[in-house]
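> What follows is a single structure, and I will ask about it in a moment.
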Amino acid sequence: MVQQAMQYTDETPDLETRIELIKTLNSVSAGKIYVEIERARLIKKLAKIKEEQGLIAEAADLMQEIAVETFGAMAKTEKIAFILEQVRLCLDCQDYVRAQILSRKISTRVFDADVTKEKKKPKEGDNVVEEAPADIPSLPELKRIYYELMIRYYSHKNDYLEICRCYKAIYEIPSVKENLAEWIPILRKICWYLVLSPHDPMQSSLLNSTLEDKNLSEIPNFKLLLKQLVTMEVIQWTTLWDSYKDEFENQSNLGKNLGEKAAEDLRERVIEHNIIVISKYYGRITLKRLAELLCLSVQEAEKHLSDMVVSKALVAKIDRPMGIVCFQRAKDSNDVLISWAANLERLLDLVEKSCHQIHKETMVHKAALKV
């Protein structure tokens, strides 16, 4: 009866009648497990009408009433599409906390499932999974929608590394990789967000894997930019900014927040890279010389160095009265003992070799006297 009545929702004479019919069907199907899918579809229709009327908050509240992840008979693609719609409406309402909670209901491994495999016939007693309606996108399309929504969420948090990972996932979609016009802008964004991400193991891993991508040769200036970050050499900020300023400012769709804030973050990343390079080459260095190498004032150099030590990106100690920075890690008692034992072992080896050489010389000398 509900399924039959649902067909009439598109044939209603006006909008008010349609809303009234949907609400009536909704109240009839409420709490009945055998029409839960129909109820979910009705709510989705009603939410769409509310959104068209500009009542986005109402539409979001309506959609959140339904927990489709518990529906055993609903098709996987329809479930994902429904949850993504919930996430989108939450983002439109700027309810970022609820958007994150809802997005966690989708496992990213679902998108990598092989859809070409034949479906197993349901055994007796199993739930029969309904076919998804024709307007539901395919898994690769849903994957793209999911990551585009996550980019919106992470852009709000200014989490450059996660945005980069989302673009990387979109870049890996076969339909995107086959289209040159699509993957070049995405690869550019991957490069920019990698450069803007703070230095950590995940960023280094992504940086190296992106550099190994053969497609990067299509955009040589970005390949050069990433190589500069991998190479253990000090980068001159003014030279880098002069080379990439136009490219950075012309890059469209990088996000609303990528203006002056991103330019500052880019400068911050270059300074971080330079401090790491200096720490590799120097055990101790004066603050004045460090500031010269970084093209900063002593106060700025000290601030950036302190921030890196606090975030545990680096181990360093500053002797402010002497104006000396020490990059050597403080050894605990175990390390000192191990180092002392290794030195003692080397010393005993040298003594043994010396004794052997002396004994050899003595034997040769005695043999020569006998002759």
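The values are calculated or read from the model by the stated rules, or taken from the named source; none is laboratory data. Keep in mind that this is a model prediction, so the values were computed, not measured. A quick note on method: Cβ atoms are made from the backbone with ideal geometry, for glycine too, and the neighbour counts reach across all protein chains shown. To get the accessible areas, we keep the full protein, side chains included, count just its heavy atoms, and leave off ligands, DNA and RNA. Shrake-Rupley method; radii C 1.70, N 1.55, O 1.52, S 1.80 Å.
> For S297, indicate whether it is within 30 Å of V270 (Cβ to Cβ) and of a type in the set (S, T, Y). Even if it seems obvious, please write down each step before you answer.
Numbers: within 30 Å of V270 (Cβ to Cβ): yes; of a type in the set (S, T, Y): yes.
Against the criterion (within 30 Å of V270 (Cβ to Cβ) and of a type in the set (S, T, Y)), S297 qualifies.
> A further question follows. For the stretch 259-292, give me the residue count where each residue is open to solvent by 40 Å² or more (accessible area, probe 1.4 Å) and of a type outside the set (K, R).
7
> Follow-up. When the residues of the stretch 194-209 are filtered to those that are without any contact (Cβ under 8 Å) to a residue 40 or more places away in the chain and either open to solvent by less than 60 Å² (accessible area, probe 1.4 Å) or small (G, A, S) (or both), which remaining residue is farthest from E264 (Cα to Cα)?
Our first condition is that a residue be without any contact (Cβ under 8 Å) to a residue 40 or more places away in the chain; within the stretch 194-209, this holds for 194, 201, 204-205, 207-209.
Applying the additional criterion that residues be either open to solvent by less than 60 Å² (accessible area, probe 1.4 Å) or small (G, A, S) (or both) yields 194, 204-205, 207, 209.
Details: L194: 15, S204: 21, S205: 24, L207: 20, S209: 26 Å.
Only one residue tops the list, namely S209.
> Of the conditions (1) open to solvent by 30 Å² or more (accessible area, probe 1.4 Å); (2) at pLDDT below 80, V234 clears all except one; give me its number.
Looking at each condition in turn, V234 falls short on (2).
> Tell me, please, whether a residue that is among the acidic types (D, E), over 24 Å from W237 (Cα atoms) and either modelled with pLDDT of 85 or more or surrounded by 10 or more Cβ atoms within 10 Å (Cβ to Cβ) (or both) can be found in the stretch 311-327.
Yes, because at least one residue in the stretch 311-327 is among the acidic types (D, E), over 24 Å from W237 (Cα atoms) and either modelled with pLDDT of 85 or more or surrounded by 10 or more Cβ atoms within 10 Å (Cβ to Cβ) (or both).
> Additional query: From the list A301, A342, which residue is closer than 27 Å to K227 by Cα and surrounded by 10 or more Cβ atoms within 10 Å (Cβ to Cβ)?
A301
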